[in-house]
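Undergrad: Below is one structure. I have some questions about it.
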Amino acid sequence: QVQLVESGGGLVQAGDSLRLSCAASGFTFSSYVMGWFRQAPGKGREFVSAIKYMGGRTFYVDSVKGRFTISRDDAKNTAYLQMNSLKPEDTGVYYCAAAQKTSDSSWPREYSYWGQGAQVTVSS
């Protein structure tokens, strides 16, 4: 069965860093686009970042550019999101997702598989 499991969330203060991990199984990880989305309380799911399966091209929402870095290790079937200089507005549940191919990697409907989510809370 397909499984995506996020880990590495937690409670931190503004300016701190966290590294989220997404362990994948049950599909050909190296052939999939991997993405990260987040959802704040009372808001919809927001695109954060994505990384392509060939060449490693990356995409970021403007609000996290320069602070977050997405990466992947195909040998370990794992995607990562390094989050630096965290702000209170980064607070939310972060979801890992996988797409076989995308025309727009920021659109949630492009993704076939989703993890259970990891809570990230940033206090001021």
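Undergrad: Residue 25 accessible area, nearest 10 Å², 1.4 Å probe?
TA: Here the accessible area works out near 50 Å².
Undergrad: Next question, about the same structure. Ratio to report: Rg/Rh of region 48-110, with Cα atoms as the point set and Rh obtained by the Kirkwood method; give two decimals. Numbers along the way, then the final one.
TA: Details: Rg = 12.1 Å, Rh = 12.8 Å.
Rg/Rh: 0.95.
Undergrad: What is the ratio of the Cα radius of gyration of region 1-43 to 2.2 N^0.38 Å, with N the residue count, to two decimals? Could you put the intermediate results ahead of the total?
TA: Details: Rg = 13.5 Å, N = 43, 2.2 N^0.38 = 9.2 Å.
Relative to the rule-of-thumb radius for its length, region 1-43 sits at 1.47.
Undergrad: Let me ask something else. Ordering 62, 74 by accessible area with a probe of 1.4 Å, largest first, what comes out?
TA: On the way: 62 120, 74 60 Å².
The ranking, largest first, comes out as 62, 74.
Undergrad: Between residue 76 and residue 116, what length comes free when the chain is fully extended (0.36 nm per residue of separation minus the Cα-Cα distance, one decimal in nm)? Intermediate results must be reported in sequence, preceding the final value.
TA: Details: separation 40, 0.36 × 40 = 14.40 nm, distance 1.94 nm.
Roughly 12.5 nm would be gained on extension.
The values are calculated or read from the model by the stated rules, or taken from the named source; none is laboratory data. For clarity, every value in this text was computed on a predicted model and none was experimentally measured. Calculation scope for accessible area: heavy atoms of the full protein, side chains included, ligands and nucleic acids excluded. Shrake-Rupley method; radii C 1.70, N 1.55, O 1.52, S 1.80 Å.
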